[in-house]
1. What does the extension gain come out to for Arg85 and Cys58, with contour length at 0.36 nm per residue minus their alpha carbon separation?
2. Ignoring everything except DSSP H segments at least 4 long, calculate the 222 nm mean residue ellipticity for the chain; use -39,500 (n - 2.57) per segment, divide by total residues, nearest 500.
3. Using only alpha carbon pairs under 8 Å that are at least six residues apart, calculate the relative contact order of segment 4-84 and give it in whole percent.
4. Return the FRET efficiency for the residue pair Tyr9, Glu69: r is the Cβ-Cβ distance, R0 is 22 Å, and the value is rounded to the nearest 0.05.
5. So how tilted is helix 67-89 from the main axis of the chain? Cα-based, degrees 0 to 90, rounded to 10.
Amino acid sequence: MPIVWTHTYPGTERKHDFVAHDDGELVGRIYRMGGGPQDGRWLWFANGIQASPGTVGCALNGEAPTKQEAADAVKAAWARWSEVRATDAKKPGAP
């Protein structure tokens with residue numbers, strides 16, 4: 001199932017804040033910074049991944065110059081995490 005993006009806080013003034021789900025499972029969040037040295041940059045978090053970056057093999061958060069690049073970073077982390085979970089599920093003794 002594809003990742004679905006929605007506003008994190010629908011109906012509020014936070015129009016540049018989005019959360020992603022995959023079949024109901026939390027994937028991550030992106031939002032645009034407003035002010036300071038990061039003004040206009042997008043922060044991203046793959047906060048649906050319950051593992052350390054070392055376990056997953058990639059960054060689980062960061063910043064990007066555009067909304068699309070931030071969304072792509074979340075998608076890439078989620079894809080990598082999906083591969084790790086699939087591999088771990090095939091190991092002997094896996095639950």
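Readers should treat all values here as calculations from the given coordinates under stated rules, not as data from a laboratory. This one's a predicted model, so the numbers in the text were calculated from it and none came from an experiment. Positions of Cβ are backbone-derived with ideal geometry, glycine not excepted, and every protein chain shown enters the neighbour counts.
1. Contour length minus the Cα-Cα distance gives 8.3 nm.
2. Calculated mean residue ellipticity at 222 nm is -9000 deg cm²/dmol.
3. It comes to 22 percent, rounded to a whole number.
4. Working from the Cβ atoms, E equals 0.50.
5. The helix 67-89 is inclined about 10 degrees to the chain.
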